[in-house]
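**Q** One structure coming up, written as structure tokens, with questions to follow.
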Amino acid sequence: MLSRLAGALAHEFRNPLTTIFLHADILEDALRRLESSQHQQLLRFLWVIREEVGRIDDLIQQYFWLA
């Protein structure tokens, strides 16, 4: 039962995380084409978002392994 719960939770969390990663890639591509004084700062914000989503993904993986 615990393994089924872990699988369901991993699935439910990974779908939105995958969507965030995909949109981050699209946003990065658009930002690279943008000529703005804030270009580097916006890319830095995007990097932070990716790092945090990666941390959540790692936690899910650890939970799944534990279960």
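The values are calculated or read from the model by the stated rules, or taken from the named source; none is laboratory data. Note that this is a predicted model, so its numbers are computed, not measured. Virtual Cβ from ideal backbone geometry, glycine too; neighbours counted across all protein chains shown. Note: areas computed on protein heavy atoms with side chains; ligands, DNA, RNA excluded. Shrake-Rupley method; radii C 1.70, N 1.55, O 1.52, S 1.80 Å.
**Q** In the stretch 50-66, is there at least one residue being within 13 Å of the chain's Cα centre (by Cα) and aromatic (Phe, Trp, Tyr)?
**A** So far as the stretch 50-66 goes, no, none of its residues is within 13 Å of the chain's Cα centre (by Cα) and aromatic (Phe, Trp, Tyr).
**Q** Here's a follow-up. Please specify each residue of the stretch 45-62 satisfying the condition of being surrounded by 11 or more Cβ atoms within 10 Å (Cβ to Cβ) and of a type in the set (Lys, Arg).
**A** Of everything in the stretch 45-62, just one residue is surrounded by 11 or more Cβ atoms within 10 Å (Cβ to Cβ) and of a type in the set (Lys, Arg), namely ARG50.
**Q** Can you pull out the residues in the stretch 32-44 that are surrounded by 12 or more Cβ atoms within 10 Å (Cβ to Cβ) and either small (Gly, Ala, Ser) or touching a Gly at 6+ places or on another chain (Cβ under 7 Å) (or both)?
**A** Residues satisfying the conditions do not exist here.
**Q** Could you grab the pairs with beta carbons closer than 6 Å, sequence gap of 6+ or different chains, first residue in the stretch 1-22 and farther than 18 Å from GLY54 by Cβ, second one assigned to a helix (DSSP H, G or I)?
**A** ALA6/PHE64
**Q** Within the stretch 1-30, which residues are open to solvent by 90 Å² or more (accessible area, probe 1.4 Å), modelled with pLDDT under 90 and among the aliphatic types (A, V, I, L, M)?
**A** MET1, LEU2
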